[in-house]
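Remarks on the structure that follows.
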C-alpha cells in the first residue's frame, strides 16, 4: 500500500502466517502489517476441536478476518472460520495484484532515476492514492494523475510500463435482433440499409438466417458498449417502417 496503516481495522481481511501454535490458539504474523495477532482456538474452525495441531501448523499461511482490536494494548484477535472461500480467493488475488502493481511502480522509479527519492514520490502519491493498484489502474485507463506533483519522467515511465504489461479490458455485448417487416416491396431494402447504418456505429452485424441478426458491440466501457446497441435499435426502428423488432441479449 502507498498509504501504510499501522494496524488493520475490525472486519478487515488480512494475510497471515502462523508463528507458534499453542494448546488454545496460535500467534500469527500479519503479512501486510508489522504486527502480530492471536488466533483463538474457537476462531479456528466450526465445531469442537480436540487437537488444534490437526488444523494449524507453524509456517502455515492463509487469510483471516480481524475480529477484535485493543489499540491501547496493541492486541489483535483474528478468525479463520469467519472467512469464506470466496473472501479468501478474492483477498489473495487482490494481494497478488497489489504486489505486481508495486513492482511496476519500482520499475518506473528506476527508469526515471528517482529511486533515491522513493519516500518523496510516495508522500506525493499518498495525497490521492491508497494503493499501488489504484495508481496502475489510472494509467491503464489512459489517464494521468492530477492534483499531485510528479516528475514527467516518472509519468512517462509509468505509461510505458503499464502499456507493455497490461492489456486494456474490453467488454463485449451481444444481442440477437428478430426483424419482421410487413412491407413486401421495400422491406428487404430497408433492412439492409438500416443495418448498414448500424455498422457505421461500430456495431458488428451477423446474419443468422431470417429474421435473426446478431449485433455485437465492444468497448473499454461496458455502459458505452450497451449504449451503442441502444442507438442501433433506434436506427432499426426508424429505418424499417411497418415492422416489429424484438431484441434478446445473447451470451458472448
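The values are calculated or read from the model by the stated rules, or taken from the named source; none is laboratory data. Quantities reported herein were computed from a predicted structural model and do not represent experimental measurements. When we count neighbours, we look across all protein chains shown, and the Cβ atoms used for this are built from the backbone with ideal geometry, even at glycine.
Considering 150, 138, the condition of being under 30 Å from residue 104 (Cβ atoms), free of Cβ contacts under 8 Å to residues at least 24 places away in the same chain and either outside the structural domain of residue 118 (by TED's automatic domain parsing) or surrounded by 14 or more Cβ atoms within 10 Å (Cβ to Cβ) (or both) is satisfied by 138 alone. One residue stands out in the stretch 154-167 among those that are touching a residue at least 24 places away in the same chain (Cβ under 8 Å) and touching a helix residue (DSSP H, G or I) at 6+ places or on another chain (Cβ under 7 Å): the one that is farthest from residue 233 (Cα to Cα), namely 154.
You will find that of 144, 160, the residue that is in a helix (DSSP H, G or I) and under 24 Å from the mean Cα position of the chain (by Cα) is 160 and no other.
Would a scan of the stretch 70-79 turn up a residue that is exposed (fewer than 15 other Cβ atoms within 10 Å of the Cβ) and touching a residue at least 60 places away in the same chain (Cβ under 8 Å)? Yes; the residues of the stretch 70-79 include at least one that is exposed (fewer than 15 other Cβ atoms within 10 Å of the Cβ) and touching a residue at least 60 places away in the same chain (Cβ under 8 Å). For the stretch 1-103, the strands (runs of 3 or more DSSP E) that sit wholly inside it and include 2 or more residues that are more than 30 Å from residue 119 (Cβ to Cβ), outside the structural domain of residue 125 (by TED's automatic domain parsing) and under 27 Å from the mean Cα position of the chain (by Cα) are 61-70, 75-79.
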